1. Got a number for the accessible area of ILE53? Probe 1.4 Å, square angstrom, nearest 10.
2. Under 13 Å from the Cβ of ASP22, count the other residues' Cβ atoms, weight Lys and Arg +1, Asp and Glu -1, and hand me the total.
3. Around TRP32, which amide H atoms from residues at least 5 apart in sequence, or from another chain, sit under 5 Å from its own amide H, with H modelled in the peptide plane?
Amino acid sequence: ELVLADGSRISAGDPIVTKRNDRRLGITATDWVKNGDRWTVDTVHPTGDMTAIHRDTGRHVVLPATYVAEHIDLGYATTIHMAQGSTADTCHTVITGAEVSREQVSIDTYSGLGSEAVGPGAFAPAP
């Protein structure tokens, strides 16, 4: 288990999101770790390094402790902007006010394969 600067705890199996482009962290000869990439933690090393598996490609990368400490977030929840282009089994949206446009809600509701729940200010699971 690893504790991030914000107090979040990360272990093997947790979803994470990388928050900074880094061409030095190659995934293939032509691809690298990018802002918004989604991963699953494979191994947390005693040094603070982390081995992660890319959720789209299945490729592995070792993220150095310095990158993990500053540029990793847990991937259980995300903003509408970060979720654009991704697909999930279910999608739950909490709308808190005028800051959300109908275009944003449209992006969010089309991200769920099975069920979508959109509600004002509070979350209630879909039946």
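1. 50 Å²
2. Surrounding charge for ASP22 is +2.
3. Close amide H contacts, sequence-distant or interchain: ILE27.
The values are calculated or read from the model by the stated rules, or taken from the named source; none is laboratory data. What you are looking at is a predicted structure, and each value in this text was computed from that prediction instead of being measured. So basically every Cβ, Gly included, is an ideal-geometry build from the backbone, and we count neighbours across all protein chains shown. The area values use the complete protein model at the heavy-atom level, side chains included, leaving out ligands, DNA and RNA. Shrake-Rupley method; radii C 1.70, N 1.55, O 1.52, S 1.80 Å.
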